[in-house]
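Below you'll find the structure, written out as C-alpha cells, and then a few comments.
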Amino acid sequence: MGGDHGPSVTIAAAISFVNHEPEAELILVGLEDVIRAELKKHKADAHPRLSLVHASEQITMDDPLEVALRRKKDSSMRVAIELVKDGKAQACVSAGNTGALMAVSRYVLKTMAGVDRPAICSILPNQKDGPTYMLDLGANVDCEPHHLHQFAIMGSVLVSAMEGIARPTIGLLNVGTEDIKGNDVVKATGKLLQSDHERGALNFFGNVEGNDIFKGTVDIVVCDGFVGNITLKAIEGMARFVKNVMTTEFKRTPLTMLGALIARGAIKSMTTRLNPSRYNGASLLGLRGLVVKSHGGADAYSFEWAVRRAFDAAKNDVQAQLSTMIAELMPRTPTQEESGSTI
C-alpha cells in the first residue's frame with residue numbers, strides 16, 4: 001500500500017515478477033478491496049502464486065513514528081513484517097515511509113545479538129561491471145565508531161552471502177585516503193577496522209573517497225547514514241540529469257538525431273547500465289528477519305527489482321548466514337560488557 005503510487009505500482013510489479021520467476025510466491029498485504037480491484041484490472045485475481053492478507057490500516061509517507069508504532073497496529077506494513085516474524089513469509093518488501101519501516105521492523109523483529117542499530121544497505125554500479133555495496137544509506141544520521149564498525153561487519157557478511165566473495169574488501173568513506181584525514185569518528189573507526197584486518201576477521205582496504213564508489217575500488221563502502229543518504233540522492237539525481245541532457249541534445253537537430261540513430265545500440269546499453277531503477281531495493285541489515293526497502297517514488301519496473309533483491313536474499317538463505325557470521329564477528333560493545341547482556 002506504500003510509496004508515492006501505492007497498489008497501482010506494487011501489484012503490477014508483483015504480477016510481473018511471479019510471471020518471470022516460477023519459484024516465487026508473493027503475499028499481497030493491505031486493503032483487500034483495493035488489492036482485489038487492482039488484481040482484477042490486470043486479470044490476475046486468480047493467480048495461483050499470489051495470495052492476499054487483509055490489513056485494515058496503512059501508514060502514510062508523513063505519519064510520525066508514534067502513529068506507525070502505537071496507533072496503526074493493523075497497518076499493511078506491520079502485518080507484512082509480522083508475517084516474516086511468524087515464519088509465514090521469508091522477506092518483506094515495502095515502498096512506504098522509511099522511518100516507519102525501520103521503526104516497526106526493529107520493534108517487531110528485534111535486532112540480532114550484538115547489533116546496536118540496523119543499517120540500510122544497497123548496491124551501486126561500478127566501472128568493473130560489478131556491484132559496490134554501500135551502507136548506511138539513511139537509517140542512522142549520528143553514529144559512533146562502534147556503529148560504523150558493526151556496519152562494516154554486516155556489509156561484509158552480506159556481500160559474502162550474495163556475491164560469493166570469501167573476503168570482500170571494505171572501504172571507509174572519507175575526505176582523503178590518508179589515516180590523518182577525517183573527523184574523530186572516522187579516524188576511530190579506521191583503527192577498529194584495521195585491528196580486525198590484522199587479526200584476519202575483516203578485509204579492510206582503508207579510507208576511500210567518493211570517486212572510489214564507481215571505480216569499484218572496494219566491494220563495500222561504509223559511512224554514516226547522513227553522508228550515505230546525501231550521496232545516494234546526489235548520485236540518483238546526476239544519473240537522471242545525464243539521461244535528460246543526452247535525450248535533449250540528441251533531439252536538438254536532424255544531424256544529432258541521425259547520430260543518435262547510428263549510436264542507438266550503445267546508447268540503449270549505456271542507459272540500461274546506468275538506470276538507477278535497476279539498483280532499487282535496499283536491505284535493512286541487522287534485524288532478525290529480511291526486510292527490503294524500495295524507493296517511495298519507484299515505478300513498477302523499479303519496484304520489481306526490489307522484489308528481486310528480497311527473493312534472491314531469501315533463496316540464498318542470507319538471513320541464516322548473517323545470524324551465524326555476525327555472532328562470530330561482532331564484538332561486544334562497552335555497554336554490553338558492563339551489563340552482560342546482548343541487544
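The table for this structure:
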read-out	value
Test: Thr231 is open to solvent by less than 50 Å² (accessible area, probe 1.4 Å), within 18 Å of Leu285 (Cβ to Cβ) and touching a helix residue (DSSP H, G or I) at 6+ places or on another chain (Cβ under 6 Å)	no
Leading residue by the ranking (farthest from Asp63 (Cα to Cα)) among those in the stretch 15-41 that are open to solvent by less than 30 Å² (accessible area, probe 1.4 Å) and of a type in the set (Val, Ile, Thr)	Val18
Flag for Phe241 being open to solvent by 90 Å² or more (accessible area, probe 1.4 Å), of a type outside the set (Val, Ile, Thr) and in contact (Cβ under 8 Å) with a residue 60 or more places away in the chain	no
Selected residue (only one of Ala12, Ala80, Ala44 is surrounded by 15 or more Cβ atoms within 10 Å (Cβ to Cβ) and assigned to a loop (DSSP other than H, G, I, E, B))	Ala44
Counted residues, the stretch 194-211 - those being among the acidic types (Asp, Glu) and at pLDDT 95 or above	1
Counted residues, the stretch 230-274 - those being polar (S, T, N, Q), under 30 Å from Leu173 (Cβ atoms) and modelled with pLDDT of 80 or more	2
Positions within the stretch 88-110 being open to solvent by 20 Å² or more (accessible area, probe 1.4 Å), assigned to a helix (DSSP H, G or I) and not aliphatic (A, V, I, L, M), in sequence order	Thr98, Gly99, Arg106, Tyr107
Condition check for Gln150: over 21 Å from Gly216 (Cα atoms) and either assigned to a helix (DSSP H, G or I) or in contact (Cβ under 8 Å) with a residue 60 or more places away in the chain (or both)	yes
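Residue by residue, here is whether (1) touching a Pro at 6+ places or on another chain (Cβ under 6 Å); (2) open to solvent by 20 Å² or more (accessible area, probe 1.4 Å); (3) aliphatic (A, V, I, L, M) holds:
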| position | (1), (2), (3) |
| --- | --- |
| Met112 | no, no, yes |
| Asp116 | no, yes, no |
| Pro131 | no, yes, no |
| Met154 | no, no, yes |
| Gly176 | no, no, no |
| Thr189 | yes, no, no |
| Asp196 | no, no, no |
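The values are calculated or read from the model by the stated rules, or taken from the named source; none is laboratory data. Remember, it's a predicted structure, so these values are computed and weren't measured experimentally. Neighbour counts are summed over all protein chains in view; Cβ atoms, including those assigned to glycine, are modelled from backbone coordinates with ideal geometry. Heads up: the accessible areas ignore ligands, DNA and RNA and are worked out on the full protein's heavy atoms, side chains in. Shrake-Rupley method; radii C 1.70, N 1.55, O 1.52, S 1.80 Å.
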